[in-house]
Amino acid sequence: MHILVTGGAGYIGSHVVKQLIEKTSHRISIIDNLSTGHQSTIDTLNSIYQNERYDEEGITFYHEDLKNFEAIETIFTTASFDGVIHFAASIVVPESVENPLKYYMNNTVNTTHLVSLCTTHNIKHFIFSSTAAVYGEPPEPQVKETTPTIPINPYGRSKLMSEQVLQDASQAKEDFSHVILRYFNVAGADTLNRIGQSFPNATHLIKVAAQTVIGTRESMMIFGEDYNTPDGTCIRDYIHVDDLASAHVKALEYLEQGSDSNIFNVGYGHGFSVKEVIGTMKTISHVDFDVRAAPRRAGDPAVLISDNSKIKNILHWSAQYDDLSGICATALAWEKTL
Ligand code: UFG
């Protein structure tokens, strides 16, 4: 098959491309505007491709923005794709509150256009990067795919609307099937330290802690110590990026087998508090970095943990890197390369 990966130069997209190279024989094309991704990531993926497949052809890279509808349509007209894995999106929750239209344009509008091109060009399969943010403040700490989706910020709403567009499009076109993957807290990097999270203004806890270890930041903050949790800090389900990536490979196999469209949570099904994550980062780095208390951050639920039984049962997905120390160690090793 020929698979198009949008956002393939970014953090999660690049780990999925790496696994598509290593675990499948699919031809791969990438569209990325390089706003948070890097040309060097494309170069690294191409060298993995050439080593792995003994093939000079490599990945086809289109340096393009999904908002340029005509240019994207030209790509679809000239290339022939069988499946699309769609990552390209804006992902910073506080920014989505300040600039919601950026999120509705980059996420919902661009996804709608992409899905529309897929249906007119008879693309068979679509895998969509969604988020646990669609659940908002869930009524139970461990969420199932059937837990009501009531997002509490524009980021979550922009993703939920995209899910709905995709579901309606698949409903209307029999041979267009999709998998929606709702990611929990993705962290860590390639265990061989070839690719990782390079976005400089990252806000995610493990990335921020790694930056504080190496001194990119002088100190870091804990946003809220008065939550109704054992140590008062928020609990999240941290998943290694390569385990998340393998879920995409499984989802593609599932669609290739002719299975019905479906939604899956991707997480480990257990969580750690902010203080536990920071403690782990201090232990593995042997650096007692400066941590300060700060007020709660808007829109943070106290506990967000996946129920991952559906993805285990239906996609036969299993985790290989379910170890917080390992996640922190790979994140730190990558941070040191930047
Ligand atoms: N946190 C701190 N200090 C920091 C950064 C984060 O205390 O410097 C805390 C946050 O307040 C939160 C926890 O660490 O309690 C995790 O925060 P992240 O920013 O790392 O991640 P979020 O849980 O806010 O969000 C991420 C993704 C969403 C996804 C969600 C699912 O950005 O897309 O995980 O759980 F929906």
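Note that segment 264-277 has calculated 3J(HN,Hα) couplings of 9, 6, 10, x, 8, x, 8, x, 10, 7, 4, 5, 5, 5 Hz, one per residue in order, obtained from phi through the Karplus relation 6.51 cos²θ - 1.76 cosθ + 1.60 (θ = phi - 60°); glycine and proline are x.
Compared with the dominant Cα axis of the chain, that is its longest principal axis, helix 324-337 is turned about 80°. Distances between placed amide hydrogens fall under 5 Å for HIS270 paired with SER306, all partners being 5 or more residues away or on another chain.
Annotation: Cα Rg of segment 197-263 relative to the compact-globule expectation 2.2 N^0.38 Å equals 1.64.
Contact order for segment 9-67, expressed relative to its length and based on alpha carbon pairs under 8 Å spaced 6+ residues apart, stands at 44 percent. Short to long, the 10 Å bins of the Cα pair-distance histogram for segment 86-148 hold 18, 38, 34, 9, 0 percent of all pairs. From helices alone, the chain scores -12500 deg cm²/dmol at 222 nm; the rule is -39500 (n - 2.57) for each run of n ≥ 4 DSSP H residues, then divide by the residue total.
Filter LYS23/LYS207; LYS23/LYS310; LYS23/LYS250; LYS159/LYS310 down to the pairs with a C-alpha to C-alpha distance above 19 Å, please. Could the numbers behind the result be given before it?
Numbers: LYS23/LYS207 27 Å; LYS23/LYS310 23 Å; LYS23/LYS250 10 Å; LYS159/LYS310 21 Å.
LYS23/LYS207; LYS23/LYS310; LYS159/LYS310, as the Cα separations exceed 19 Å there.
Among the protein heavy atoms of the chain, carbon and sulfur supply 50% of the accessible surface, probe 1.4 Å, non-protein parts ignored.
Viscosity 1.306 mPa s, temperature 10 °C: what is the translational diffusion coefficient of segment 123-256 from Stokes-Einstein with a Kirkwood Rh over Cα pairs, rounded to a whole number of µm²/s?
Details: Rh = 17.3 Å.
Value of D from the Cα-based Kirkwood radius: 92 µm²/s.
When peptides 23-31, 315-323 are sorted by average Cβ neighbour count within 10 Å, with the highest value leading, the order is 23-31, 315-323. For HIS178, the residues whose amide H sits under 5 Å from its own are PHE126, SER261, ASN262, ignoring neighbours fewer than 5 places away on the same chain, with H placed 1.01 Å from N. Taking a ≥ b ≥ c as the square roots of the eigenvalues of the alpha carbon gyration tensor, segment 58-216 is oblate, as a/c is not under 1.5 and a/b does not beat b/c. For segment 160-237, the spread of Cα positions along the three principal axes, ordered from largest to smallest, is 54, 39, 21 Å. Taking each residue as 0.36 nm, the span from ALA298 to ASN193 lengthens on full extension beyond its C-alpha to C-alpha distance by 34.5 nm.
Per residue and in cubic angstrom, what volume does the convex hull of the Cα atoms of segment 1-97 have?
96
Probe of 1.4 angstrom, ligands and nucleic acids ignored: what's the accessible area per residue over the chain, in square angstrom? Mind showing how you got there, number by number?
Values: 14380 Å² over 338 residues.
With all protein chains present, the chain gives 43 Å² per residue.
The Cα atoms of segment 185-338 define a convex hull whose projected area, averaged across directions, is 9.9 nm².
Normalised radius of gyration (Cα atoms, divided by 2.2 N^0.38 Å) for the chain: 0.96. 3J(HN,Hα) along segment 153-163, derived from phi through the Karplus expression 6.51 cos²θ - 1.76 cosθ + 1.60 where θ = phi - 60°, amounts to 8, x, 4, x, 5, 5, 6, 5, 4, 5, 4 Hz, with x in place of Gly and Pro.
Rounded, prolate or oblate, given the Cα gyration tensor of segment 53-95, with a/c below 1.5 counting as rounded?
Verdict is oblate for segment 53-95.
Peptides 193-200, 240-247, 94-101, ordered by how many other C-beta atoms sit within 10 Å of their residues on average, highest first, read 240-247, 193-200, 94-101. Sorted on the mean count of surrounding Cβ atoms within 10 Å across their residues, most packed first, peptides 211-222, 130-141 read 130-141, 211-222. Scalar couplings 3J(HN,Hα) for segment 147-152, obtained by applying the Karplus form with A = 6.51, B = -1.76, C = 1.60 to θ = phi - 60°, are 4, x, 9, 10, x, 10 Hz; x denotes Gly and Pro.
The values are calculated or read from the model by the stated rules, or taken from the named source; none is laboratory data. As the structure is a prediction and not an experimental result, all values here were calculated from the model. Note that each Cβ is placed from the backbone with ideal geometry, even for glycine, and that neighbours are counted across all protein chains shown. Ligands, DNA and RNA are stripped out before the accessible areas are found, and what is left, the full protein with its side chains, is counted by its heavy atoms. Shrake-Rupley method; radii C 1.70, N 1.55, O 1.52, S 1.80 Å.
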